[in-house]
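Participant: So that we are looking at the same thing, I have put the structure below in structure tokens.
The values are calculated or read from the model by the stated rules, or taken from the named source; none is laboratory data. Bear in mind that the values here come from a model prediction, so they are computed numbers and not experimental data. Ideal geometry is used to build each Cβ from the backbone, glycine not excepted, and the neighbour counts take in all protein chains shown. Areas reflect the complete protein model, heavy atoms only, side chains present, ligands, DNA and RNA absent. Shrake-Rupley method; radii C 1.70, N 1.55, O 1.52, S 1.80 Å.
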Amino acid sequence: MFKMKFSETIVDFQEILDSMPRPIGLVPTMGFLHEGHLALIRKAVRENKTVVTSIFVNPSQFSQGEDFKEYPRDIDSDLKLLASEGVDVVFAPSIEEMYPNGFDTYINVGNVSMKLEGEHRLNHFDGVATIVCKLFNISNPDKAYFGKKDAQQCAVIEKLNADLNLGVKIELVETVRDKDGLALSSRNVHLTKAERLSALSINQALFSAVSVWRSGIKSSNHLVNVVREILERDTMLDIDYVSIVDPKTFNILETVVDGSMICTAVHVGQIRLIDNAIFHK
Ligand code: AMP
């Protein structure tokens, strides 16, 4: 009978992986899994002989004052879900295993990591790039799966993978939303009913900008203001940024073209949410 393997140490994990058939697909997560994560995992299961999921709430990608301690965790429920999806190996290391005493090397992915999230979350992408690079080195996967909800993270990882010749095929997966449009996020569990209702404006505002663009308005300023005006109507919402960018470089655009991306980060009470939409005809 199929039995999912579970490992908390690098040595043990690598020993398990040595005997597993290729291609190997890696799905890095911070746990508290939802349908968004499962979309990545299902694609990985379809496309690989071996699927590995890592569960690690990575302290180095949280800035000071952020919600590292409060980040939701439920390993037992995660393991049940992963087993039912046919994941072969779960790697769930401790902080000490990934960052032993004296750890002192961090990866900085240049330009693409400086703006938007990078500006508002100090060193966030250094933490992301470092942990992803470590996970790639430890598991040596053929493919790795990431969600487009974290669009800038996708761009940072693609750049990291290319610049450092990591040789992993990066697969990106569309954002999974609740029926009402809210992008699924582990953090949504902390929203009160009222906050969740307010959070719905985020997706609605982004898609309003897309439909205004479709009506012929190409000015980035104008379209950003469409979003800002909708979000600012709700006193529960506090905007970090609304920006229109090239989705590969994250350079800010003045004129919006087919394929440009609008990204936002918004505080809803204590919770910070991000979302994005692509301008498409
Ligand atoms: P996290 O556990 O939040 O670090 O997410 C792990 C992976 O799942 C990342 O690649 C995320 O982009 C992806 N992910 C998170 N939420 C969603 C979602 N709603 N739809 C698709 N992918 C997602």
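Participant: State which residue pairs qualify: first residue free of Cβ contacts under 8 Å to residues at least 24 places away in the same chain and outside any loop (DSSP other than H, G, I, E, B) and inside region 217-234, second residue open to solvent by 50 Å² or more (accessible area, probe 1.4 Å) and hydrophobic (A, V, I, L, M, F, W, C) in any location, beta carbons under 6 Å apart, and separation of 6 or more residues or different chains.
Facilitator: Within 6 Å, no pair qualifies.
Participant: Another question, then. Could you check region 206-216 and list, in sequence order, the residues that are open to solvent by 10 Å² or more (accessible area, probe 1.4 Å) and either outside any loop (DSSP other than H, G, I, E, B) or touching a residue at least 24 places away in the same chain (Cβ under 8 Å) (or both)? Give the derivation first.
Facilitator: To start, the set of residues in region 206-216 that are open to solvent by 10 Å² or more (accessible area, probe 1.4 Å) comprises 207-208, 211-212, 214-216.
Correct list: F207, S208, S211, V212, R214.
Participant: Next question, about the same structure. Check region 258-281 and report whether any residue there is over 26 Å from F68 (Cα atoms), open to solvent by 40 Å² or more (accessible area, probe 1.4 Å), modelled with pLDDT under 95 and out of contact with any Lys or Arg (no Cβ under 6 Å at 6 or more places or on another chain).
Facilitator: Step one: filter region 258-281 for residues over 26 Å from F68 (Cα atoms), giving 258-262, 277-281.
Right, trim to open to solvent by 40 Å² or more (accessible area, probe 1.4 Å) and you get 258, 278, 280-281.
Going one step further and asking which of them are modelled with pLDDT under 95, we end up with 281.
After this cut, where a residue has to be out of contact with any Lys or Arg (no Cβ under 6 Å at 6 or more places or on another chain) as well, the list is 281.
Yes: region 258-281 contains one or more residues that are over 26 Å from F68 (Cα atoms), open to solvent by 40 Å² or more (accessible area, probe 1.4 Å), modelled with pLDDT under 95 and out of contact with any Lys or Arg (no Cβ under 6 Å at 6 or more places or on another chain).
Participant: Among the candidates R121, R73, single out the residue that is of a type in the set (K, R) and closer than 24 Å to A39 by Cβ.
Facilitator: On the way: R121 fails: closer than 24 Å to A39 by Cβ.
Of R121, R73, the one residue that is of a type in the set (K, R) and closer than 24 Å to A39 by Cβ is R73.
Participant: May I pose another question? A162 versus (1) free of Cβ contacts under 8 Å to residues at least 12 places away in the same chain; (2) farther than 22 Å from F136 by Cβ: which is the lone unmet condition?
Facilitator: (2) is the only condition that A162 fails.
Participant: Let me ask you something else. Quick one: which residue in P21, P59 is open to solvent by 30 Å² or more (accessible area, probe 1.4 Å) and closer than 19 Å to V168 by Cα?
Facilitator: Values: P59 fails: closer than 19 Å to V168 by Cα.
Only one candidate passes the filter, namely P21.
Participant: Can you list the helices (runs of 4 or more DSSP H) lying wholly within region 33-107 that have 1 or more residues being farther than 27 Å from G118 by Cβ, of a type outside the set (D, E) and more than 15 Å from the ligand (Cβ to nearest atom)? Don't jump to the end; show me each part of the working.
Facilitator: Values: elements: 35-47, 75-85, 95-98.
So the answer is 35-47, 75-85.
Participant: Quick check on region 141-188: of everything there that is assigned to a loop (DSSP other than H, G, I, E, B), more than 9 Å from the ligand (Cβ to nearest atom) and in contact with a strand residue (DSSP E or B) (Cβ under 7 Å, 6 or more places away or on another chain), which residue is farthest from N48 (Cα to Cα)?
Facilitator: Here the answer is V168.
Participant: How many of the residues making up region 189-198 are buried (at least 19 other Cβ atoms within 10 Å of the Cβ) and within 13 Å of the ligand (Cβ to nearest atom)?
Facilitator: Qualifying residue count for the region: 0.
Participant: Something else: Please go through region 1-18 and pick out each residue that is open to solvent by 40 Å² or more (accessible area, probe 1.4 Å) and of a type in the set (F, W, Y). Spell out the reasoning first.
Facilitator: If we filter region 1-18 for residues that are open to solvent by 40 Å² or more (accessible area, probe 1.4 Å), which is where we start, we get 1-3, 5-6, 8-9, 11-12, 14-15, 18.
Of everything in region 1-18, those that are open to solvent by 40 Å² or more (accessible area, probe 1.4 Å) and of a type in the set (F, W, Y) turn out to be F2, F6.
Participant: Taking N123 as the residue in question, decide whether it is surrounded by fewer than 19 Cβ atoms within 10 Å (Cβ to Cβ), in contact (Cβ under 8 Å) with a residue 40 or more places away in the chain, within 20 Å of I10 (Cα to Cα) and not acidic (D, E).
Facilitator: no
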